[in-house]
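S.K.: Take a look at the following structure, please.
The values are calculated or read from the model by the stated rules, or taken from the named source; none is laboratory data. On a predicted model such as this, the values are computed, not experimentally measured, just so you know. Heads up, the Cβs are rebuilt from the backbone with ideal geometry, glycines too, and the neighbour counts pull from every protein chain shown. Side chains are part of the model used for accessible areas, which takes the heavy atoms of the whole protein and leaves out ligands, DNA and RNA. Shrake-Rupley method; radii C 1.70, N 1.55, O 1.52, S 1.80 Å.
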Amino acid sequence: PESRLVVYGDSDFASNRWLRAVYNLDQYLMRGGRVILCAGSYETEFGQQGLNVRPLESGLAPWLKHYGIEISKTLLLDDRNQPLPIPEIQRTPFGNIQTWVMRPYPYLVEIRDSGLKNRAVTGRLEAVRVYWGSPIEVAPPADRKLTVIPILSSSERSWTDDDVTKAGQVAYTVPPGTKPHMVAAALQGSFESYFSGKDPPPVPGDSARKEVPLTRSPETRLAVVGDAEFVSDMVAR
């Protein structure tokens with residue numbers, strides 16, 4: 001029956017269990033399951049020291065590369081963005097008062113209009129916001145016969161940067177050479193398993209189990225978004 005699996009990029013995949021997790025994901029796809037993979041190259045955290053952005057190794061890169069998908073190891077910035085509320089102290093006759101002002105923040109990318117590449121997917125959405133995300137590149141090998149379906153793209157005034165220390169700053173300057181960057185896309189077709197011709201990774205705690213991996217899927221889809229924060233409530237908090 002038709003089904004769908006949503007996976008969020010998480011550091012758990014970088015543990016010693018990641019290969020088994022990727023195998024389970026691969027075999028779900030081989031059974032015809034539709035996969036939506038939300039996984040950027042960075043994770044964010046707010047603490048007493050402010051915003052902390054750090055690189056994330058999900059363990060999914062080799063599996064995605066097998067299908068011609070690569071999540072860039074850079075952060076995406078865009079002059080078309082969602083403003084960020086910044087605390088500001090105002091001096092009044094009654095003392096200092098903290099207020100909030102809205103400032104443009106390029107890491108909260110706002111995708112709308114021509115950036116919504118496929119209305120069959122995005123429907124009537126006015127905009128999609130990508131938070132501290134990464135561009136993706138999709139170029140499946142010609143012999144795989146997979147169809148590329150663009151879904152989301154940043155504006156022509158977007159760029160990338162791998163310096164995470166800048167993410168804590170609101171002020172920015174748009175550099176020369178900006179261009180649109182793909183943020184989400186899907187592959188459709190029959191997929192060949194990443195584990196074809198390989199021994200399946202053992203089940204933790206059960207090395208005696210014998211399995212024969214499925215090697216090719218029926219017609220299905222694999223969608224990839226270069227961001228996981230946009231489906232969380234972190235920014236709202």
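S.K.: Can you name the residue in the range 90-105 that is under 36 Å from the mean Cα position of the chain (by Cα) and over 18 Å from GLN169 (Cβ atoms) and, of all such residues, is most open to solvent (accessible area, probe 1.4 Å)?
M.R.: For the range 90-105, the residue satisfying everything is GLN98.
S.K.: Considering the range 132-146 alone, what residues qualify as being crowded, with 21+ Cβ neighbours inside 10 Å and at negative phi?
M.R.: Result: GLY133, SER134, PRO135, ILE136, LEU146.
S.K.: Do any residues in the range 15-43 that are open to solvent by less than 30 Å² (accessible area, probe 1.4 Å) have Cβ atoms under 6 Å from those of residues that are among the β-branched types (Val, Ile, Thr), where the two are at least six apart or on different chains, and which pairs are they?
M.R.: That search, which allows pairs on different chains as well, returns LEU29/VAL35; GLY32/THR220; LEU37/VAL7; LEU37/VAL224; CYS38/VAL225; CYS38/VAL231; SER41/ILE71; TYR42/VAL53.
S.K.: So LEU125 ticks every box in (1) open to solvent by 70 Å² or more (accessible area, probe 1.4 Å); (2) of a type outside the set (Gly, Ala, Ser); (3) in contact (Cβ under 8 Å) with a residue 12 or more places away in the chain; (4) touching a Leu at 6+ places or on another chain (Cβ under 7 Å) but one. Which box is left unticked?
M.R.: (3)
S.K.: Would you pick out the residues in the range 53-68 that are open to solvent by 40 Å² or more (accessible area, probe 1.4 Å) and either without any contact (Cβ under 8 Å) to a residue 24 or more places away in the chain or hydrophobic (A, V, I, L, M, F, W, C) (or both)?
M.R.: Scanning the range 53-68 gives ALA61, LYS65.
S.K.: For the range 178-189, does any single residue satisfy the condition of being open to solvent by less than 60 Å² (accessible area, probe 1.4 Å), of a type outside the set (A, V, I, L, M, F, W, C) and not in a loop (DSSP other than H, G, I, E, B)?
M.R.: So far as the range 178-189 goes, yes, one or more of its residues are open to solvent by less than 60 Å² (accessible area, probe 1.4 Å), of a type outside the set (A, V, I, L, M, F, W, C) and not in a loop (DSSP other than H, G, I, E, B).
S.K.: If you don't mind, another one. Is there a residue in the range 153-165 that is of a type in the set (Gly, Ala, Ser) and modelled with pLDDT under 95?
M.R.: Taking every residue of the range 153-165 in turn, none turns out to be of a type in the set (Gly, Ala, Ser) and modelled with pLDDT under 95.
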